[in-house]
1. Full extension from A73 to A376: what is 0.36 nm times the residue separation minus their Cα-Cα distance, to one decimal in nm?
2. If you add up the charges near E126, with Lys and Arg at +1 and Asp and Glu at -1, over every other residue whose beta carbon is less than 12 angstrom from its beta carbon, what do you get?
3. For each of H210, H194, count neighbouring Cβ atoms within 10 Å of the residue's Cβ, then give the residues from fewest to most.
4. Less than 13 Å Cβ to Cβ from D437, Lys/Arg counted +1 and Asp/Glu -1: what total charge do the surrounding residues give?
5. Hey, which of these cross-link pairs are over 23 Å Cα-Cα: K146/K206; K242/K289; K206/K342; K242/K302; K289/K342?
6. Quick one: compute the contact order of the range 314-490, relative version, from alpha carbon pairs under 8 angstrom and 6+ residues apart, as a percent.
7. Averaged over every viewing direction, what's the projected area of the C-alpha convex hull for the range 314-432? Give it in nm², one decimal, please.
8. Which part of the range 289-313 falls in the paramagnetic zone of A509, meaning amide N under 20 Å from the point 7 Å along Cα-to-beta-carbon?
Amino acid sequence: MIYFINNDFNYSKSGIEHAQLKRMYLFRHHGEPFQLITLQWNSQLHNILAAEGVTAAERINLFDYYQHATDLAVRPCTLADLTLGLPQPINYTVEATTGATVAHYPSGNLCARIYARPDHQLERIERFDDYGNLYAVDYYDVRGFKSMTQWYTPDNKIGRQAWYTPAGQVVLQNWYHADYHGQMQPTYWLLTDHDGAVYRFNHFDKLAGHFINQLNNQGHTPNIFVMDRSEHIDDALLHLDKPAYTIMHIHSSHTTDSQNPNDAIVNNNFEFGLVNIGAFNGVISATVKQAHDIAMRYPQVKHSYAIPVGVVSDELLAQPQRPINERTANKVVVLARIAPEKRLDHMIRAVAIAHQQVPDVTLDIYGYVNDAQLDANLHALVQELGLAEVVTFKGYTEDTGAVLDDAVAFGVTSEMEGFNLAVMEAISHGVIGLTYDVNYGPNEIVQDEINGYVVPYNDYPALGERLTTLLQDAALQQALSTGAYYSAQRYNEAHVWQAWQQLINDAHAMMEAH
């Protein structure tokens, strides 16, 4: 089995989650079994992954695994099914300020505040003692069972948590205590395993390692673990009971200065993995350039793979090309979360330069807000530059295909990248790329004067000038758009699958040697 490891999966997805979904499509299409591993508890995980077409057989979550809920059908769990231990019938009312349903003790004091999802399934219940103190909150899984309870200390901080099976048995608990700074932290975990054995772990990482080790011990086929996120799990992959093929997947620049990959300080997200890089069986980079740079800096790497994190489906490549004259004239788009490293202020300033010569240029920014203060600053910059009618913040969208089919150009002004899946998607829809010469991804996906323009790093005036030239020449736009469509062939299914097949073959060869 090949496992893809992530920390969590939410409705608003980052590039890593989008990359995993595209990879799962590819593996499914080629009949190669896989499972997506997630580590964090998430009461909505079933719905989130089901909406993306991920089946129960293709996913496994640490909490679901120990809660005996890996393949659980949805069942009704509504207010009518709730028992609060109060005399029946209970007088429920709706609280005007919160919209929650509330129940009261016979004394008249608040007993519980009950929240339900739009489908009326219970979401959470806040429980109060007869003095009005919040003492516990029950959380319900979308599939219809009480999944977790948090108990609160007298000063209203989490003191203990417990997770249940659908039958109501407690199988996992953790306790909180104050650290050296007075902050409440989980200090140990108690697990009742499937066989009734009880384990204590002083840190979640140890629990996660126990989980991964159990997965690896199942079955007789050699396992491949691809670590897409290293939180909680990197050390565990180096201490498995049975051999497995372990892969560190680097989704971003491996250094804090992507333009200086040989000498810059390493990216702290990968620090442990890079220090121990020779202990992993291989490293995946999304581009040929990064694979080369990592191999040069870390000669102890056993296998270095350059595998694009995205794939352009054969179905998309076969669709008719959409000509420039059928798109909204002079529309520029960005697909990026509102985060400092994306440097969206550079893109806004570049569009401001183009706006001086092309008055009807527009910039639509799609992405969820990762930094509220930055979001406010960007809106202020738009006002300062007089671009209120030019720049629109669209928020997060899942319908990227429709966005890209209507756009002329796509901008990237990031400080660093690992690939930038959105650029690959843009060229596959015939959108012209404009990017800094930034490692890694954009300066490999965008080919200067073939499917777009690559300008010097940090030079937003040059980006603005290129954009101005582009938008003033319809024939040039069409030529580069056609080039974008053809350049997307580099990321077709056959090419990307060939790279994955090499990794799988190497894994089997290693296992046979054992």
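Just so you know, all these numbers are worked out from the coordinates, no wet-lab data involved. Note that the structure is predicted; figures quoted are calculated from it, not measured. Virtual Cβ from ideal backbone geometry, glycine too; neighbours counted across all protein chains shown.
1. On the way: separation 303, 0.36 × 303 = 109.08 nm, distance 4.30 nm.
Here the answer is 104.8 nm.
2. Details: positive: R113, R124, R127; negative: E95, E123, D129, D138.
So the environment of E126 carries a net charge of -1.
3. Numbers: H210 17, H194 10.
Going from sparsest to densest Cβ surroundings: H194, H210.
4. Numbers: positive: K289, R466; negative: E415, E417, E444, D448, D459.
Charge balance in the 13 Å sphere: -3.
5. On the way: K146/K206 25 Å; K242/K289 33 Å; K206/K342 34 Å; K242/K302 19 Å; K289/K342 21 Å.
Among K146/K206; K242/K289; K206/K342; K242/K302; K289/K342, the Cα-Cα distance tops 23 Å for K146/K206; K242/K289; K206/K342.
6. On the way: 338 pairs, mean separation 47.7, N = 177.
Taking the mean separation of contacting Cα pairs over the length of the range 314-490, I get 27 percent.
7. On the way: hull surface 30.1 nm².
So the Cα hull casts an average projection of 7.5 nm².
8. Under 20 Å, as judged by backbone N against the label point of A509, lie 291-292, 295-296, 299-308 of the range 289-313.
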